[in-house]
Every structure is written in C-alpha cells, then in structure tokens.
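Report on the structure given below.
The values are calculated or read from the model by the stated rules, or taken from the named source; none is laboratory data. Keep in mind that what you see is a predicted model, and the values were worked out from it rather than measured. Note: ideal-geometry Cβ built from the backbone for every residue, glycine included; neighbour counts use all protein chains shown. When the accessible area is computed, the model is the full protein with side chains, heavy atoms only, and any ligands, DNA or RNA have been set aside. Shrake-Rupley method; radii C 1.70, N 1.55, O 1.52, S 1.80 Å.
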Amino acid sequence: MDSYKMTIAGVERDLKMFPVDETTDIAAFIMFGDVEITEKAATELLKLCPEHDVVVSAEAKGIPLCYEMARQGCREYVIARKSVKVYMRNCTQVTVNSITTAREQKLYLGEDDVAFLRGKKVLLVDDVVSTGESLAALEMLMESCKADVVGKACVLAEGDAKNRKDITFLEPLPLFTKD
C-alpha cells in the first residue's frame, strides 16, 4: 500500500506511507502547505476544546494548526523552539523523543515567552499524537512556566493514542504492521 485514504474535518486526503522501522509503517499527515485541511481542522478542534488564553505547540509540524487555532480563537500563540535563537535569553528547556525523529531533541522557550505564559490557560496542540512524547515535553515546559494546561488537542491520534482520555482529536490514525 502506497497511501492511506481518510477523511479529516470533512476533507478527504491520501496519506503517503513511510517506514518507521523494520516492522511498522506510518501514514504521514503533513499539514504544511495544506491550507484547507489546516483551516477546517482548526475550526473543528476549537468546537471541542476548552476555553484558553493561548495556544502552544512545538516546532515545526504543529505550527500551522497552532497559528490557525489562535487566529480563529484566542488570538495568542507560542511555539517551543528546537534550537536556541539569538533573540532568546535565559532559556528553559526540556528533552523530547518523537516517533518521527531519529534522535533525541530539546525544546526551548526564551524568558519572554516564559513570562508571557505564566498564569495563562494554555491549550497544547500538535498535528499528530503518537507516543505522546512531544506533548509530555510541552507539559513539562508549561509546568516550568507556571502555566495552566487546560487541554491537549491534535488532528490525528496515531496508534494507541486513540485510547488516551487526556487528548482531544478529530480522527484515529492506525499504525501499519508489515507482513
């Protein structure tokens, strides 16, 4: 199978298949460049999510959804970066291991974002939740900021993530075992 057909927020898409390891393939959901799915997924998720002051995501695949949910809703968003930029001072950091990334990564927030987030009601978002490692890292960052995580949302819950009760998602996405 070269692709997996599914409907997301009322929009049909063919997701290309890619190997994760010797036994498992994933159907890759890429929001970059897909304005229609980004807008519609944001609209549908906002109907399901709790009231919040700011939307937070990790660099990079969650950025379009984070922006669009903020644009349609609370009008505020923050992105945790994967590297320290020159304009980021006194960074707070956490470590993350993601199924789609071959190596350990770190997420960073500069002191300005940390100060902005303090005491805010935060909605964490990502395009896909699989192992939940990225969301867990964002939760640790929010704890260090003294922000209140009121919800966690994603477009697709991959594999066993569909059984989680702590995330809001639009559709389940299976993992594919090679025969």
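So the values come out like this:
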read-out: Label-point separation in nm, MET1 to VAL35, each point 7 Å along Cα→Cβ; value: 3.2
read-out: Average accessible area per residue (Å²) across the chain - probe 1.4 Å, nucleic acids and ligands excluded; value: 52
read-out: Signed unit charges on C-beta, dipole axis of the chain, positive-most listed residue VAL11, ALA161, THR38; value: THR38
read-out: Share of carbon and sulfur in the accessible heavy-atom surface of the chain [1.4 Å probe, %]; value: 47
read-out: Cα-based Rg and Dmax for the stretch 1-114, where Dmax is the largest Cα-Cα distance (Å); value: 16.3, 48
read-out: Stretch gain in nm, segment GLN72-VAL84, where the contour uses 0.36 nm per residue and the Cα spacing is subtracted; value: 1.5 nm
read-out: Rg [Å, one decimal], Dmax [Å, integer] - the stretch 45-171, C-alpha atoms; value: 13.5, 40
read-out: For the chain, share of DSSP beta bridges that run antiparallel, in % to the nearest 5; value: 45
read-out: Cα-based helix-to-principal-axis angle, 133-145 vs the chain, degrees rounded to 10; value: 10
